[in-house]
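Shown next, in structure tokens, is the structure this report addresses.
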Amino acid sequence: MENLMHLIQGFGVLFTFQNIAVTIFGAILGLLVGAMPGIGSLAGVALLLPLTFKFNPTTAIIMLGALYYANMYGGAFSSILIGIPGDGPAVMTLMDGYPMATKKNRPGQALLTSNLSSFIGGSIGMIILTFMGPLLAEFGLKFGPAEMTALLLVAMTSIGWLVGENPTKGILLTMVGILLASMGMDTLSGNPRYDFGSVYLLGGIPFVPFVIGMVGFSQVIRLMSERHQETKLAVSKLSIKESMITLHDFKRLLPPAIRSGFLGTFVGVLPGAGATTAAFMGYAVQKSFKSEEPLGTGAIEGIASCESANNAAAAGAFAPLLALGIPGSGTGAVLLGGLMMWGLNPGPLLFTNSPEFAWGLIASLFLANIITLAIAWGVIPFLIKILSVPTKLMIPVITVVCIVGSYSTSNSMYGVLIMFISGVLGYILNRTGYQTAPAVLSFVLAPLLESNMRKAFIISQGSLGIFVEKPISLVFIVILFVILLFPLIRLVLTKLGVLKVKEKV
Amino acid sequence: MEKLKSKKKISIMQVIPAIGILISLVFIYLGFTKYGFWDEFKGPKPGFFPIVVSIFMLVASLLSFFFSFKEKSVNWPLEDWILPLSVAGILIATFIIGLLPSLAIYVLLWLKKFEKCSWKTTLIVFGIIAAIVVGAFGMWLGVPFPKGIILNMISN
């Protein structure tokens, strides 16, 4: 009940002209970014980050939160209409969305099914977040430096382990992100560290240009070879009237949407799992339930299960982000980086010290969910035009935003140089099978990890026993070792011939 | 024999973990020699955390290096590199003519000469970009764009 009161107060914070306007703006941008194949929420949030500098932190995070959330809606559009997922979480939507649009000739209904399922899943996620967020924060208050260190290590390594096909590569990039963040100044003693004699490096590697390069500019370089691919749309015209679903259709989508809503929320809370894993799991679980038509042939249940799960996961991911300061995904890491830049420290004390911010953000997600549903519905007739924008025209626009956005963070070309280097590096890494999300996440969390780890060692006078003395940290350390030893176990099993190494093309 | 030779060929798949090994060794060396690892009374020194992380990175790099021989190398489409080259050009041009003129020239040349777009499309996209850069970044955020050597000389 107390949480509901806080939520109502959150709506009080939210209901200013500026906050509502940025929620709408974020929702529209999120839909566009999600709908256009190849950009994704991570790049979208990173590119928009510099534009939020003028806002107060609450308004800024409301806009980015709405963008992130609406992106989950938008990703399905291109999956359904052109058979290319707008982002990772929309991959499973393609399985039934595209056949429903093409083979069953029901593109509008497929879009509306996706929108309604996203709304239901997101609503479930937000309701759980309202109650679970403060509980998680209360649990987080029991964490000392040792527990925080162990938790941060699990969060960092698990995303490296779960993202991409090769856990070793993920862990390697996690370490790269931490080392890059440790350059510049030692946060505890204030001494210069790994600056290699450069005045610029003395201030460290700036977060925003690094992220814009790693996930934005690298993505545009990748789009270069795809820019002449023609977009083949499943239909030439769409209308709101033709996209209405029947009561029978709604009855079909409701059970899988509710089921996946709960499942997706809990997957979203886990570090590293995120919306893509939730969508895959939602679809996999649906296979064990009855569907009116077989999955993969354009079944409403198929679309509902994955779309509901990915939106629920996006909402659920805010629980550990706000309550523990642990982002569950690369996009969450960028949001966390933004919060830190604005002087807010997400963690167990956020709900106590900055309730207007925490509850304002949660309330904004509710509003973004409603607004995005309305916009996603209203935008249906214009989707053909939006999806027809050629990639070759998007390349110079995104490139210029990358350059100007990186410059604007420090009003220095040093930012542009960092963006350029990280972009080329990100492109090379992506092409060779290294996912950059773990590097972004660890870059953001590294200062927190270092400070907690050093405090823990100071308390224990150098004894490692501090990490296994208390049950909470012991559990995290056991999980950490399982994650870290996995590549070694795999190596031994491969050597023994038990496992075959998958060759990458 | 040929198959064996191609298998042993060093590619980018080995180069990346090898760079990882090198970086971790540099961080470990500098950490121990320059920043220190442990103080008997104060505990961890500035080099402590990066050294610990570098050791993990060294292990991960070695494993990646080992696994990389099982992976096939990737191809590098030449046209992908045109964009980084253009941005490098913008970086250099900015020091001479300033950021905004450099961006304007880049957008016009890119759309009209490289992508062979019509004047109408070029101008529409140019207008959208100008609105974002000048409107959002210049006027709203108040970003002072660099003017370059020439404009600075004229204004002085």
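Where in segment A:244-326 are there helices (runs of 4 or more DSSP H), lying fully within it, with 3 or more residues that are open to solvent by 10 Å² or more (accessible area, probe 1.4 Å)? Lay out the reasoning, then the answer.
Numbers: elements: A:247-269, A:274-287, A:300-316, A:318-323.
Ranges flagged: A:247-269, A:274-287.
Give me the residue from segment A:165-211 that is more than 12 Å from chain B (Cβ to nearest Cβ) and over 15 Å from A:A446 (Cβ atoms) and, out of that set, surrounded by the most Cβ atoms within 10 Å (Cβ to Cβ).
Restricting attention to segment A:165-211, the residues satisfying the condition of being more than 12 Å from chain B (Cβ to nearest Cβ) are A:198-211.
Subset that is over 15 Å from A:A446 (Cβ atoms): A:198-203, A:208-209.
On the way: A:S198: 11, A:V199: 8, A:Y200: 16, A:L201: 17, A:L202: 15, A:G203: 15, A:V208: 24, A:P209: 32.
Per the stated criteria, the residue is A:P209.
Name, by its number, the condition in (1) touching a Pro at 6+ places or on another chain (Cβ under 8 Å); (2) open to solvent by less than 10 Å² (accessible area, probe 1.4 Å) that does not hold for B:I51.
Going through (1) touching a Pro at 6+ places or on another chain (Cβ under 8 Å); (2) open to solvent by less than 10 Å² (accessible area, probe 1.4 Å) one by one, B:I51 breaks only (1).
Please verify whether B:F95 is in contact (Cβ under 8 Å) with a residue 12 or more places away in the chain and either open to solvent by 70 Å² or more (accessible area, probe 1.4 Å) or out of contact with any helix residue (DSSP H, G or I) (no Cβ under 8 Å at 6 or more places or on another chain) (or both), treating the condition exactly as stated. Give the derivation first.
Working: in contact (Cβ under 8 Å) with a residue 12 or more places away in the chain: yes; either open to solvent by 70 Å² or more (accessible area, probe 1.4 Å) or out of contact with any helix residue (DSSP H, G or I) (no Cβ under 8 Å at 6 or more places or on another chain) (or both): yes.
When the stated conditions are applied, B:F95 passes them.
All but one of (1) open to solvent by 80 Å² or more (accessible area, probe 1.4 Å); (2) among the charged types (D, E, K, R); (3) more than 7 Å from chain A (Cβ to nearest Cβ) hold for B:K72; which doesn't?
Only one criterion in (1) open to solvent by 80 Å² or more (accessible area, probe 1.4 Å); (2) among the charged types (D, E, K, R); (3) more than 7 Å from chain A (Cβ to nearest Cβ) is unmet by B:K72, namely (3).
Condition first: facing another protein chain (nearest Cβ under 10 Å) and open to solvent by 10 Å² or more (accessible area, probe 1.4 Å). Can you find one or more residues in segment A:464-482 that meet it? Break it down into steps so the answer makes sense when it comes.
Residues of segment A:464-482 facing another protein chain (nearest Cβ under 10 Å): none.
No, there is no match, as no residue in segment A:464-482 is facing another protein chain (nearest Cβ under 10 Å) and open to solvent by 10 Å² or more (accessible area, probe 1.4 Å).
Just name the residue that is farthest from the other protein chains (Cβ to nearest Cβ) out of those in segment B:98-127 that are crowded, with 19+ Cβ neighbours inside 10 Å and of a type in the set (V, I, T).
Per the criteria, the residue is B:T122.
Report yes if some residue within segment A:45-55 is open to solvent by less than 10 Å² (accessible area, probe 1.4 Å) and away from chain B (no Cβ under 14 Å); otherwise report no.
yes
Would you mind stating whether A:L141 is over 22 Å from A:Y434 (Cβ atoms), in contact with a Pro (Cβ under 9 Å, 6 or more places away or on another chain), touching a residue at least 24 places away in the same chain (Cβ under 8 Å) and more than 9 Å from chain B (Cβ to nearest Cβ)?
Working: over 22 Å from A:Y434 (Cβ atoms): yes; in contact with a Pro (Cβ under 9 Å, 6 or more places away or on another chain): yes; touching a residue at least 24 places away in the same chain (Cβ under 8 Å): yes; more than 9 Å from chain B (Cβ to nearest Cβ): yes.
Criteria met by A:L141.
Within segment A:224-243, work out how many residues are in a helix (DSSP H, G or I) and away from every other protein chain (no Cβ under 14 Å).
So in segment A:224-243, the residues in a helix (DSSP H, G or I) come out as A:224-226, A:241-243.
With the extra rule that they be away from every other protein chain (no Cβ under 14 Å), the set shrinks to A:241-243.
So the answer is 3.
Which one of these is at pLDDT 90 or above, crowded, with 24+ Cβ neighbours inside 10 Å, of a type in the set (S, T, N, Q) and in a helix (DSSP H, G or I): A:S364, A:S406? Lay out the reasoning, then the answer.
Working: A:S364 fails: at pLDDT 90 or above.
Step by step, each of A:S364, A:S406 is checked, and only A:S406 is at pLDDT 90 or above, crowded, with 24+ Cβ neighbours inside 10 Å, of a type in the set (S, T, N, Q) and in a helix (DSSP H, G or I).
Return the pair list, or none, for Cβ contacts closer than 7 Å from residues in segment B:18-38 that are free of Cβ contacts under 8 Å to residues at least 12 places away in the same chain to residues that are in a strand (DSSP E or B) and open to solvent by less than 30 Å² (accessible area, probe 1.4 Å), at least 6 apart or on different chains.
Hits for this filter: B:W38/B:P44.
The values are calculated or read from the model by the stated rules, or taken from the named source; none is laboratory data. What you are looking at is a predicted structure, and each value in this text was computed from that prediction instead of being measured. So basically every Cβ, Gly included, is an ideal-geometry build from the backbone, and we count neighbours across all protein chains shown. Areas reflect the complete protein model, heavy atoms only, side chains present, ligands, DNA and RNA absent. Shrake-Rupley method; radii C 1.70, N 1.55, O 1.52, S 1.80 Å.
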